[in-house]
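Read the structure below first, then the notes.
The values are calculated or read from the model by the stated rules, or taken from the named source; none is laboratory data. Keep in mind it's a predicted model, so treat the numbers as computed, not measured. Every residue, glycine as well, gets a Cβ built from its backbone with ideal geometry; the counts of neighbours run over all protein chains shown. Keep in mind that these areas ignore ligands, DNA and RNA; they rest on the heavy atoms of the full protein, side chains included. Shrake-Rupley method; radii C 1.70, N 1.55, O 1.52, S 1.80 Å.
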Amino acid sequence: MKIKKTLLCMLMLIIVSFSGCGQEEVQISEQKEQVVISVLAGQSTSDAGVEDMIEEKISVVLPEVKLEWECVDWGERFESRIRARFAAGDVPDIIIGKAQDVKTYYSTGNLAPIDEELLQGIEESALKSVTIGEECYGIPFNVWYQGVVYHKRIFECLGLKVPKTREELSEVIKVLKDNEITPFASHYLESWKIGNTTMQFMINEVFNQNPVWGDDFRKSKVNYQNNKVIRCCMENNKEILENSWEDALLINQFTCDTRFERQEAAMYLTGSWSLQLLNQYAEEEKYGIFPYPNLTGDAKLIRETNMTFMKSAVTSNEEIVDEILKVIVQDKELIGEILEFTQTYPVQNIEKDSFGGCIQKDIESYEKNGEVIEAAIGNAQIIWPFQNDVASQEQLWLQGKKSLEDVLEYADEHRTESIR
């Protein structure tokens, strides 16, 4: 009897042992099934931290997926990093850039067309910026608005009206200085800022008149040198600098945002990325926004499609990538969280009242009156790396180390680099 019991016990131990091995094998198998998806994120000023929000949502909805992030500064490192990875054949499964990047990198053959299901509910105007032929190669997510943010109370106290012409702007500057108020907040420590403001000027002065100016530039039909309008665009930066703080060449965006919030200047040529700080302290009707006046008096507020999701044309996990993108662009809770954090505006056809910032009323007015122009009209013609390169030369001019003629000549000499 004891022998039978002993044999029975041994048999049970063997069964338990095999059972345990089986469970271990299942666990190992489950671990092996985890899919790693690489993401290269070119982040603008307001975007750092968005990756954590996406990571948290994906970990819940798609627990078998692990996102492997590489986050770089869009203005300084994104272009060099993405080209290095393309050259090495290490194409990220998902690429996060701007709408203008679609046309910049489409020719490499590394971007896949986006399924129509993932584009449902996105505004047609946003889709145009990522459309090549009849296919969309990116999913627009949000937009910025660019122009002159101003303190409404300062304007009201001095009886100032929003300027629409250069002459009216000059008068506003004079009244502010007469009342010992610094007209412009500005920061020229970073070349990207100069590149951004120069393109803001060019969109309303150049591309609004000739949408294919960049093509003409590369064909040597037009130049930077001996071009009064281009010269004016660059001189606008100097005018702002001369009507700003003495240390404007030495401070960064955060310092500038902080000073402007403290009303140390009346106006600030920027984008709604600065609202990340400003909106924390904004009371109703505290800030407004208007287009920087152009030479013809018909400047429009600039609308830029910002975060744009692209997918690899060579990914081995296309279905999973599509599932991830579907979560990002269709989950209303995640969309709202990102919009609130970045202080940007949606391109999805969803209820927008809850996404209002401190300049929302002005934006709605310009949109309603058709006084908005897409940044892509310029950015698709002159790519960002060229803009930033020329801006570095402008920076030297503003520092007194080069002449404006040197900057204009440099741009013409490097015209072939203005598109890829």
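Quick one: length gained pulling R420 to N227 fully straight, 0.36 nm per residue minus the C-alpha distance?
Extra length from R420 to N227 when fully extended: 67.1 nm.
How do the peptides 35-44, 331-340, 182-191 rank, highest first, by the average count of neighbouring beta carbon atoms within 10 Å per residue?
Per-residue mean Cβ counts within 10 Å order the peptides as 182-191, 35-44, 331-340.
What ranking, highest mean first, results for peptides 159-167, 200-208 when packing means the other Cβ atoms within 10 Å averaged over each residue?
In decreasing order of mean packing, 159-167, 200-208 become 200-208, 159-167.
Count neighbours as other Cβ atoms within 10 Å of each site's Cβ, and list the GluC sites (Glu not before Pro) in segment 34-68 that are DSSP loop with at most 14 such neighbours.
Hits after loop and neighbour filter: E64.
Could you check how much of the accessible area of the chain is carbon and sulfur, as a whole percent, using a 1.4 Å probe?
C and S atoms contribute 50 percent here.
Does segment 300-350 classify as rounded, prolate or oblate by the C-alpha gyration tensor (a ≥ b ≥ c root eigenvalues; a/c under 1.5 gives rounded; else a/b over b/c gives prolate, otherwise oblate)?
Here segment 300-350 falls in the oblate category.
Using mean Cβ contacts within 10 Å as the protection proxy, how do 78-85, 256-263 order, highest first?
Descending packing order for the listed peptides: 256-263, 78-85.
Pairing the Cα long axis of helix 191-202 with the longest principal axis of the chain, what angle in degrees results, from 0 to 90 and rounded to the nearest 10?
The two axes meet at around 60 degrees.
How large is the charge dipole for segment 110-258, taken about the Cα centre, if only the Cβ atoms of Lys, Arg (+1) and Asp, Glu (-1) carry charge, to the nearest 20 debye?
640 debye
Compute the distribution of all C-alpha to C-alpha distances in the chain, in bins of 10 Å from 0, and list the percent of pairs in each, rounded to whole numbers.
Pair shares across the bins are 4, 20, 28, 22, 12, 5, 3, 2, 2, 1, 0, 0.
Aspartates and glutamates near K286 by alpha-carbon distance under 19 Å, same-chain residues fewer than 8 away left out - which ones?
E156, D257, E261, E264, E340, D353, D362, E364
Quick check on the chain: helices-only [θ] at 222 nm, where DSSP H runs of length 4 and up contribute -39,500 (n - 2.57) each and the sum goes over total residues. Nearest 500, please.
-13500 deg cm²/dmol
In degrees from 0 to 90, rounded to the nearest 10, what is the angle of the helix 2-32 Cα long axis to the longest principal axis of the chain?
20 degrees
Do any GluC sites (Glu not before Pro) in segment 115-155 lie in a loop, going by DSSP, with at most 12 other beta-carbon atoms within 10 Å of their beta carbon, and if so which?
E134
Cα centroids of segment 88-134 and segment 245-271: how far apart, whole angstrom?
A separation of 35 Å, based on Cα centres.
Per residue, how much accessible area does the chain show when a 1.4 Å probe rolls over the protein heavy atoms, in square angstrom?
47 Å²
Kindly express, to the nearest 10 degrees and within the range 0 to 90, the angle between helix 332-342's C-alpha long axis and the longest C-alpha principal axis of the chain.
So the inclination is approximately 40 degrees.
Plugging the Kirkwood radius over Cα pairs into Stokes-Einstein for segment 105-258, at a temperature of 25 °C and a viscosity of 0.890 mPa s, what D comes out in µm²/s?
After rounding, the answer is 129 µm²/s.
Under 30 Å Cα to Cα from K402, which lysines show up? Leave out anything in the same chain fewer than 8 places away.
K402 reaches K174, K177, K193, K219, K221, K228, K238.
What residues have an amide H closer than 5 Å to that of Q43, excluding those fewer than 5 places away on the same chain, when H is modeled at 1.01 Å from N in the peptide plane?
Those lying under 5 Å, H to H, from Q43 are V72, D73, W74.
Find the lysine pairs in segment 303-393 meeting two conditions, Cα atoms under 19 Å apart and a separation of 8 or more places or different chains, and report how many there are.
Lysine pairs meeting both conditions in segment 303-393 amount to 4.
If the chain between E124 and E76 were fully stretched, how many nm would it gain, using 0.36 nm times the residue separation less the Cα-Cα distance?
14.3 nm
Just how large is the dipole of the chain about the Cα centre, in debye to the nearest 20, putting +1 at every Lys and Arg Cβ and -1 at every Asp and Glu Cβ?
With Lys and Arg at +1 and Asp and Glu at -1, about 420 debye.
Quick one: if the Förster radius is 30 Å, what FRET efficiency do S316 and A87 give, using the C-beta to C-beta distance and rounding to 0.05?
0.95
Choose one of C232, L301, V143: the residue whose Cα lies farthest towards the positive end of the charge dipole of the chain (beta-carbon charges +1 Lys, Arg; -1 Asp, Glu; about the Cα centre).
Going by the Cα projections, it comes out as C232.
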